[in-house]
Amino acid sequence: MFRNAAAISLHLVGLLQGKKAGASVTRHLHQTFTMAKQMQARRLKGLDYNPWVEYARLATEYDAVNLGQGFPDFAPPDFALEAFQHAVSGDLMLNQYTKAFGYPPLTKILASFFGKLLGHELDPLTNVLVTVGAYGALFTAFQALVDEGDEVIIIEPFFDCYEPMTLMAGGRPVFVSLKPSPTRDGELNSSSNWRLDPDELASKFTPHTKALVLNTPNNPLGKVFSQTELELVASLCQQHNVVCISDEVYQWLVFDGCQHISIASLPGMWERTLTIGSAGKTFSATGWKVGWVLGPDHLMKHLRTVHQNSIYHCPTQTQAAVAESFEKEQLCFGQPSSYFVQLPRAMQRSRDYMARSLQSVGLMPVLPQGSYFLITDISGFKSKMPDLPGAANEPYDRRFVKWMIKNKPVSSEGLRPLHPLLFCKG
Amino acid sequence: MLLAQKRLGSLVSSTKFLKTVNSSRLLEFSTSAAMSLKFKNTKRIEGLDKNVWIEFTKLAADPSVVNLGQGLPDISPPAYVKEELSKVAMVDNLNQYTRGFGHPSLVKALSCLYEKFYQKQINPNKEILVTVGAYGSLFNAIQGLIDEGDEVIIIVPFYDCYEPMVRMAGATPVFIPLRSKPVNGKRWSSSDWTLDPQELESKFNPKTKAIILNTPHNPFGKVYTKEELQVIADLCIKYDTLCISDEVYEWLVYTGNKHLRIATFPGMWERTVTIGSAGKTFSVTGWKLGWSIGPEHLIKHLQTVQQNTIYTCATPLQEALAQAFWIDIKRMDDPECYFNSLPRELEVKRDRMVHLLESVGLNPIVPDGGYFIIADVSSLDADLSDLKNEEPYDYKFVKWMTKNKKLSAIPVSAFCDSETKLQFEKLVRFCFIKKDSTLDAAEEIIKAWSRQKS
C-alpha cells in the first residue's frame, strides 16, 4: 500500500511541475516537435499498444508473482546449457557472421529432424530458414506473403501478434472463434471441448483469403487440434488455395497421451504450409530467440527475400547451441530420457496442481491438452465482485488481472482479445 | 492422374472450372498457374530477391582463396569480451526473455557511454533501442519512419541494404554520388571524395523524408568533416528532413581524423536516429546486436516496429555486451581501451595494404576510417575477355581475380544503383580487419602477381 501511495504521489508531483512551468513548457514542446511532417509510418497505425509491455511493467511494479508472460522460471536442461557453453568457448569464428539463412549445422539438423516428422525430405538450404524466434518467423511469413487487401483468417483466442502483423502487412484479419460446448455440472472443462464450427469456418473463406493462421497446441487455450479438425482446415485451405501459417512452437508440450500433428504432413498440405518452431519453447531457453520456418521452396524463397532485407543474419552462437541441443535429442528421441518426454511429463504435473489450486478458490480452469498455459473462467468472481476499477470500456478480464496484480501476489495476462462475455457467463 | 483429379476437385468449387477434362496436361498447367498466382511474392519485396553477398560469399568460400571480400574480422575479439560471454553462459537465469526494447544493463551502459559524446542525458528506456545488428536498426528506422511515396536520399556508393530497405517501405531512393577531386600527385585519400553542395540541395524537395548518412563510410572509409556535416545538417533543417546516421565504424578513425556525430549539431538531435553496432565495436559480428539512439518521438516508432517484428533480442549476448562495455567505459582514455587499441592496430594493417596494393599497380584510395580500402584496378589491364557477360568491369575483375589469383574482394559497383554503376566500375573493395597470416598470404599472392607482370 505504501509503495502504491508513493508511486502515485511521484506521478502527481511530476504533473504539478509541468503545470507550474506554464508558457515555457508550451514553448519547449513547440521547439522539441518542430518537425511538421508525419513521423510515424502509416503501416504502424494502431499498433503502438502491446499488452505484454503493459502487464510486464505492472507485475514488476507491484512485485507480483508473474504467471502471466509465457517463459519458464526454471533453467534450460543441462545439455542445452552445455551446448551454449560449448558455442561460446569453442571456435573463435562463431563470434562472426554465419550463413544468412541459417548456421549450417543447425539447418542440417532441423532438416533431418523435422523431415522425419513431416514425412517429407527437407533440404537445409531451400526448405529451412532460421529466424529471430518464432516471432521473427511469423513476421517474415506475413511480410513475404500478405499483401494490402489480403484477408488472413485468425482463430480466436490467438497469440496477440497475429493481428498487428496482419495489419502491418496491410492485410485484413478475419476472425473465427473456438467455442466451448457446455459441460455437465462438476465436470472439468477441457481445451478439447473448444471447437470450430465447420460451417462458420467455411464461411470465412473468400476470394481475398491469402492465409490462415493455425496455432497448435494453441496459446492461450492449450487446445491440441485433432486429426479430424486439421483435415477440415486442410480441405478448406486446398479448396480455396490458401496458405497455412502453422505456429507449432508448443509441439512437444502435449499431455494426457495427446498427439501433436503437423498439418504440413497431411496430403496436399506440404506445398501450401509454413511450419514455425521455436528453440525457446523446445529447450526452455526463450532468451536465445532462435526460431525457424520449414516449408516448400516456392514459398520459402519469398521469406528469404524478406529476411535478407530485414535482419539478414541471426546470431551465430545461439544457433550453434540449438544445433548441438537437437543433435543430443536426436540420439534419444522417443526414449524416456528424451527432454521431449520429460518436459511434458513435468508440465502435466504442474498443470494438474495449478488446476486444483484454482478450483479451490472457486475459479473454473479449462484443462489444456498442451502448451504451458491454462485459462480459467472467472465468472464466479464477476457475480461476487462486478465492479472492479478500470476504464469505461475496459473488458472485465483485464480489470480482473490488474486487480489481481495489485491485491493478490500473482499476475496473469488478461485474455485478449477473447470477448469478455465468454468468461462472464451467468 | 489421381493427384490431378484431386486438385481438379478443389478447383471446381472455387473457380467453377470446366466440367469435362480433355487433357490432364492442360489441367496441371492451370492448377500450377492458379497456385503460383497466390503464392507469388508480395509487392513490397518485388525485385528485392537478389543480394550481392550471397553471390560473392559463395565464390570466396573456396578455402584456397584468401578472402578479403566480406567485412568479417578473422581476428579474435578481445579476450575480456569472450570471457564475459563465457561467464554469462554459466548463469541459468539469463536464458529467458528480457526487456523487448533492450536488456536493462545494456541500455544503461549505452546511455552512460553515449552521454559523454552527446553532452546530454540519454534516457535508456525511451531514447535507445537494441536491435538485431545495425542492420536491424536500419530496418526498424526505415519501417518506422518512411512511408510509401516518401523520398529518401542515399549517397553513392552505399552499404547495399539501404536501397532495398527503402524500396520495401514503398519509398523512392534518390541517389547522389560522391565525386573525387583531382589528386595532382598527392596520395589519393577517401577525403578527396566529396558531395557537391548544390547537387545535394537539388535532391531535396517536399517529399524528402530522410537522408541516410554513413560515416565513417563503407566502402570508401571517408570520415565526414565538420563542414561537410554542416552542409547536410543545414539542408535537413531547411527541408525539415530526418537523418538516419549509420555510424557503425565510429571507433575506427585513423590519425588526423575525428569521428563527428551529426546528432550533436544544433537542431539535429530531434531529427536524427544514430545507429551503432556491437559487431563492429568489439569485432563480434556474429553477436548481431546493434542500437538506435535518438529522441523519444522518433525512437518510439522504431520500438513499435520492434514489438511487431522480433519483439526482443537474445538475452545472454546483450548481458555479455553490457559487461564488455562497462570494462571499456571505465578506461576511455587508456590506450588499452578497445576503442583506442583497435584503430591503432588497424591503422598498421591499413598502411600495409596501401603499400601492397601500390606495389602491384592497384591504385589505392587511402581510407581515413573503417576497415575497408578501395583500389582502382584500371591500370592493371587484366584480360577479362573470357567473361563475356554484361556485368560491370569490377564484377568481372573480382571473379577473374578470385579464380586466377585466389584473392577475393568485392566490386564497388555492388554498392551503387543501376544509374551510377559505370562511374565506379573500376573500383574494388578489400577488407583489412584480418589477422597477419591472412595479410601475409595476400602479400604472397600480390608479390607473385607483380613479378608476373614485370
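The values are calculated or read from the model by the stated rules, or taken from the named source; none is laboratory data. In this text the structure is predicted, and so the values were computed from the model without any measurement. All Cβ positions, even for glycine, are placed from backbone atoms using ideal geometry, and neighbour counts span all protein chains on display.
Pick from the stretch B:59-75 the residues that are exposed (fewer than 15 other Cβ atoms within 10 Å of the Cβ) and either farther than 18 Å from A:Ala100 by Cα or of a type in the set (Asp, Glu) (or both): which of them is modelled with the highest pLDDT?
Restricting to residues being exposed (fewer than 15 other Cβ atoms within 10 Å of the Cβ) and either farther than 18 Å from A:Ala100 by Cα or of a type in the set (Asp, Glu) (or both), the top hit is B:Ser64.
Please find, among A:Trp252, A:Trp288, A:Trp292, the residue that is under 26 Å from B:Asp160 (Cα atoms), modelled with pLDDT of 95 or more and assigned by the TED database to the domain that holds A:Leu125.
Exactly one of A:Trp252, A:Trp288, A:Trp292 is under 26 Å from B:Asp160 (Cα atoms), modelled with pLDDT of 95 or more and assigned by the TED database to the domain that holds A:Leu125, namely A:Trp292.
Can you name every residue in the stretch A:72-91 that is within 29 Å of A:Asn127 (Cβ to Cβ) and either outside any helix (DSSP H, G or I) or in contact with a strand residue (DSSP E or B) (Cβ under 6 Å, 6 or more places away or on another chain) (or both)?
Within the stretch A:72-91, A:Pro76, A:Pro77, A:Gly90, A:Asp91 meet the criteria.
Can you give me the number of residues within the stretch B:95-121 that are part of a helix (DSSP H, G or I), within 14 Å of another protein chain (Cβ to nearest Cβ) and closer than 30 Å to B:Pro266 by Cβ?
Qualifying residue count, the stretch B:95-121: 1.
Which condition breaks for B:Arg331 when tested against (1) of a type in the set (D, E, K, R); (2) within 21 Å of B:Gly133 (Cβ to Cβ); (3) part of a loop (DSSP other than H, G, I, E, B)?
Looking at each condition in turn, B:Arg331 falls short on (2).
With respect to B:Gln143, determine if the residue is touching a residue at least 40 places away in the same chain (Cβ under 8 Å), closer than 23 Å to B:Trp53 by Cβ, out of contact with any strand residue (DSSP E or B) (no Cβ under 9 Å at 6 or more places or on another chain) and not hydrophobic (A, V, I, L, M, F, W, C).
When the stated conditions are applied, B:Gln143 passes them.
Can you pull out the residues in the stretch A:117-139 that are without any contact (Cβ under 8 Å) to a residue 24 or more places away in the chain and surrounded by fewer than 18 Cβ atoms within 10 Å (Cβ to Cβ)?
Residue satisfying the conditions is A:Glu121 alone.
Any chance the stretch A:366-375 includes a residue that's of a type in the set (Phe, Trp, Tyr), in a loop (DSSP other than H, G, I, E, B) and within 14 Å of chain B (Cβ to nearest Cβ)?
Scanning the stretch A:366-375 turns up at least one residue that is of a type in the set (Phe, Trp, Tyr), in a loop (DSSP other than H, G, I, E, B) and within 14 Å of chain B (Cβ to nearest Cβ).
Name the one entry in A:Phe142, A:Phe114, A:Phe159 that is under 30 Å from A:Met354 (Cβ atoms) and buried (at least 16 other Cβ atoms within 10 Å of the Cβ).
A:Phe159
I'd like to check something: does the stretch B:185-202 contain any residue that is more than 14 Å from every other protein chain (Cβ to nearest Cβ), touching a Cys at 6+ places or on another chain (Cβ under 8 Å) and at pLDDT 95 or above?
The answer is no, given that none of the residues of the stretch B:185-202 is more than 14 Å from every other protein chain (Cβ to nearest Cβ), touching a Cys at 6+ places or on another chain (Cβ under 8 Å) and at pLDDT 95 or above.
Any chance the stretch A:251-268 includes a residue that's surrounded by 20 or more Cβ atoms within 10 Å (Cβ to Cβ), within 14 Å of chain B (Cβ to nearest Cβ) and over 19 Å from the mean Cα position of the chain (by Cα)?
Yes, the stretch A:251-268 has at least one match.
Go over the candidates B:Ile232, B:Ile237 one by one and state the one that is under 25 Å from B:Asp147 (Cα atoms), in contact with a helix residue (DSSP H, G or I) (Cβ under 9 Å, 6 or more places away or on another chain) and buried (at least 20 other Cβ atoms within 10 Å of the Cβ).
B:Ile232
Out of the stretch A:112-171, which residues are closer than 21 Å to B:Gly144 by Cβ and charged (D, E, K, R)?
Selection gives A:Asp147, A:Glu148, A:Asp160, A:Glu163.
Restricting attention to the stretch A:304-333, report how many residues are within 7 Å of chain B (Cβ to nearest Cβ) and not aromatic (Phe, Trp, Tyr).
Counting residues in the stretch A:304-333 that are within 7 Å of chain B (Cβ to nearest Cβ) and not aromatic (Phe, Trp, Tyr) gives 12.
Tell me yes or no: at least one residue of the stretch B:95-117 is touching a Lys or Arg at 6+ places or on another chain (Cβ under 7 Å) and among the aromatic types (Phe, Trp, Tyr).
Yes, the stretch B:95-117 contains a residue that is touching a Lys or Arg at 6+ places or on another chain (Cβ under 7 Å) and among the aromatic types (Phe, Trp, Tyr).
Quick one: which residue in A:Leu129, A:Leu110, A:Leu94, A:Leu117 is in contact with a strand residue (DSSP E or B) (Cβ under 8 Å, 6 or more places away or on another chain) and either assigned by the TED database to the domain that holds A:Met354 or assigned to a helix (DSSP H, G or I) (or both)?
On inspection, the qualifying residue turns out to be A:Leu110.
Taking the criterion of being out of contact with any strand residue (DSSP E or B) (no Cβ under 6 Å at 6 or more places or on another chain), in a helix (DSSP H, G or I) and either within 18 Å of B:Ile275 (Cα to Cα) or modelled with pLDDT of 95 or more (or both), would at least one residue in the stretch B:169-176 satisfy it?
Within the stretch B:169-176, none of the residues are out of contact with any strand residue (DSSP E or B) (no Cβ under 6 Å at 6 or more places or on another chain), in a helix (DSSP H, G or I) and either within 18 Å of B:Ile275 (Cα to Cα) or modelled with pLDDT of 95 or more (or both).
Which of the residues spanning the stretch A:269-303 are closer than 28 Å to B:Met165 by Cα, assigned to a helix (DSSP H, G or I) and within 8 Å of another protein chain (Cβ to nearest Cβ)?
Those that are closer than 28 Å to B:Met165 by Cα, assigned to a helix (DSSP H, G or I) and within 8 Å of another protein chain (Cβ to nearest Cβ): A:Arg272, A:Gly287, A:Trp288, A:His298, A:Leu299, A:Lys301, A:His302.
Looking at B:Phe56, is it crowded, with 22+ Cβ neighbours inside 10 Å, in a helix (DSSP H, G or I), more than 10 Å from chain A (Cβ to nearest Cβ) and out of contact with any Leu (no Cβ under 9 Å at 6 or more places or on another chain)?
Answer is yes for this residue.
Pairs only if they're at least six apart or on different chains, beta carbon under 7 angstrom, first in the stretch A:178-193 and within 21 Å of A:Ser371 (Cα to Cα), second surrounded by fewer than 10 Cβ atoms within 10 Å (Cβ to Cβ) and at pLDDT below 80; list them, first residue then second.
Correct list of pairs: empty, since none qualify.
Which of the residues spanning the stretch A:359-382 are crowded, with 18+ Cβ neighbours inside 10 Å, of a type outside the set (S, T, N, Q) and in contact with a strand residue (DSSP E or B) (Cβ under 6 Å, 6 or more places away or on another chain)?
Of everything in the stretch A:359-382, those that are crowded, with 18+ Cβ neighbours inside 10 Å, of a type outside the set (S, T, N, Q) and in contact with a strand residue (DSSP E or B) (Cβ under 6 Å, 6 or more places away or on another chain) turn out to be A:Met364, A:Pro365, A:Val366, A:Leu367, A:Gly370, A:Leu374, A:Ile375, A:Asp377.
If you go through the stretch B:122-168, how many residues are at negative phi, assigned to a loop (DSSP other than H, G, I, E, B) and within 14 Å of chain A (Cβ to nearest Cβ)?
12
Which count do you get for residues in the stretch A:41-92 that are within 21 Å of B:Val81 (Cβ to Cβ), more than 7 Å from chain B (Cβ to nearest Cβ) and surrounded by fewer than 19 Cβ atoms within 10 Å (Cβ to Cβ)?
Summing the residues that are within 21 Å of B:Val81 (Cβ to Cβ), more than 7 Å from chain B (Cβ to nearest Cβ) and surrounded by fewer than 19 Cβ atoms within 10 Å (Cβ to Cβ) in the stretch A:41-92 gives 3.
Name every residue in the stretch B:75-94 that is farther than 30 Å from A:Asp73 by Cβ, more than 7 Å from every other protein chain (Cβ to nearest Cβ) and not hydrophobic (A, V, I, L, M, F, W, C), in order of residue number.
Result: B:Pro78, B:Tyr80.
Taking A:Gly257, is it at pLDDT below 95 and either within 30 Å of B:Thr98 (Cα to Cα) or part of a loop (DSSP other than H, G, I, E, B) (or both)?
yes
Condition first: among the aliphatic types (A, V, I, L, M), in a helix (DSSP H, G or I), more than 21 Å from A:Tyr49 (Cβ to Cβ) and out of contact with any Cys (no Cβ under 6 Å at 6 or more places or on another chain). Can you find one or more residues in the stretch A:172-189 that meet it?
no
Condition check: within 19 Å of B:Gln306 (Cβ to Cβ), of a type in the set (Asp, Glu), within 12 Å of chain B (Cβ to nearest Cβ) and in a loop (DSSP other than H, G, I, E, B). Does A:Asp160 satisfy that?
yes
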